[in-house]
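Shown next, in structure tokens, is the structure this report addresses.
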Amino acid sequence: MKAKYINIFTDFGFKKIFGEEASKPLLMDFLQSLLPEAQITDILFKDKEKLGKTVEDRKAIFDIYCENTAGERIIIELQKAKQNYFKDRTVFYSTFPIQEQSETGDWNYELKAVYCIGILDFAFEENLKEGKKEVVHTVNLKDQNNKIFYDKLTFIYLEMPHFDKKEHELETRLDKWLYFIKHLEDFQSIPVIFKDSVFIKAFEKAEIANYSEAERNNYQESLKIYRDLKNTIDTSYDEGRLEEKFEVAKNASKIGLATEVIMQLTGLTKEQIEKL
């Protein structure tokens, strides 16, 4: 069935829903559901491209960079695939809105809070290995007694593959936003649970039929890039899992386990095992 609404994990889709001036009410509603302690009465979109103080410094480009009325900075990154040193990158990104607050002359170093939000279309490998399926991960600077040492720097990661609530299980405003983000492309009509003005506006901005021909072409190109990336990552993951199974089968053969047992253990066929 042809999609009625955009895929929000595309660069085009994410910007259309959250990154345009006309999208501010949607972004504010989402951020307030995620950051209840922050003051999201209004936001100002800031330059997404930030440079270090010297030409040797690396460049950082955020998906969304904004500031609320209290002067707190918020970075939002849509991460579509696993990446080496991803956590290092988010920590590195956090330094830009911190340094930006420096003042010339006599300054007491007081800083406004910085929030770094990652919407992830994948799960952290360590969480998968430990069997953890938490969706929202909030990270703060803590001391050896697990007490908050500094409360003005917060990293929030949303592992979207782990969000599996059904429509009737949605309880909070954040639940609704996560459900919207994950399933937007699958909807053919607006679910009853989304009948308030903010979500109706979100669905209007997401409906492909409302776009100009140029916008539709840009979206299709963005969707192709997203699907190609997903296919590459999925293929690589499947190949990696197969190599792991082969290694388990080899070790099982060395200790004398029967072929039938190895088949049950790994899911490999008899022919695959005999070729090892």
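Readers should treat all values here as calculations from the given coordinates under stated rules, not as data from a laboratory. Keep in mind that this is a model prediction, so the values were computed, not measured. Positions of Cβ are backbone-derived with ideal geometry, glycine not excepted, and every protein chain shown enters the neighbour counts.
Could you compute the FRET efficiency for Thr172 and Gln264, with r as their C-beta to C-beta distance and R0 at 51 Å, rounded to 0.05? Walk me through the intermediate numbers first.
Details: r = 42 Å, r/R0 = 0.83.
Approximately 0.75, to the nearest 0.05.
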Interchain or sequence-distant (5+) residues whose placed amide H lies within less than 5 Å of the amide H of Ile43 are none
The simple spin-label model distance between Ser102 and Arg227, using points 7 Å out along Cα→Cβ, in nm, is 4.7
What the Cα atoms of the chain span along the principal axes, largest first and in whole Å, is 73, 51, 41
The chain, Gaussian network, Cα under 10 Å: of Asn231, Asn251, Asn218, the residue fluctuating most is Asn251
Computed, not fitted: 222 nm per-residue ellipticity of the chain from DSSP H runs ≥ 4 (each -39500 (n - 2.57)), nearest 500, equal to -12500 deg cm²/dmol
As a percent rounded to 5, the proportion of antiparallel DSSP bridges among beta bridges in region 11-210 is 55
Rounded to one decimal in nm, the spacing of the 7 Å Cα→Cβ label points at Asp88 and Glu20 is 3.8
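With a cut-off of 8 Å between alpha carbons and a minimum separation of six or more residues, what is the relative contact order of the chain in percent? Display every interim value, and only then the final one.
Numbers: 335 pairs, mean separation 55.6, N = 276.
It comes to 20 percent, rounded to a whole number.
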With the charge dipole of the chain built from beta-carbon charges (+1 for Lys and Arg, -1 for Asp and Glu) about the Cα centre, the Cα from Asn145, Ser212, Ala249 projecting farthest to the positive end belongs to Ala249
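Out of region 244-276, which trypsin sites (Lys or Arg not before Pro) are coil in DSSP terms and have no more than 16 other C-beta atoms within 10 Å?
On the way: sites: Lys245, Lys250, Lys254, Lys270, Lys275; in loops: Lys275.
Qualifying residues, ordered by number: Lys275.
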Taking r as the C-beta separation of Lys132 and Leu44 and R0 as 41 Å, the FRET efficiency to the nearest 0.05 is 0.70
Helix 24-34 sits off the longest principal axis of the Cα atoms of the chain, rounded to the nearest 10 on a 0 to 90 degree scale, by 60
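Please identify the GluC sites (Glu not before Pro) of region 107-167 that satisfy two criteria: DSSP loop assignment and at most 14 other Cβ atoms within 10 Å. Which are they? Intermediate results must be reported in sequence, preceding the final value.
On the way: sites: Glu110, Glu125, Glu126, Glu130, Glu134, Glu159, Glu167; in loops: Glu110, Glu130, Glu134.
Answer by residue number: Glu110, Glu130, Glu134.
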Residue by residue through region 156-169, the couplings from Karplus 6.51 cos²θ - 1.76 cosθ + 1.60 with θ = phi - 60°, in Hz, x for Gly and Pro, are 10, 10, 10, 8, 5, x, 8, 7, 10, 5, 8, 4, 6, 9
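State, to one decimal in nm², a quarter of the convex hull surface area for the C-alpha atoms of region 132-254, i.e. the direction-averaged projected area. Each step should come with its number before you reach the end.
Values: hull surface 55.0 nm².
Convex hull of Cα atoms, orientation-averaged projection: 13.7 nm².
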The FRET efficiency for Lys2 and Lys152, from their Cβ-Cβ distance with R0 = 45 Å and rounded to 0.05, is 0.45
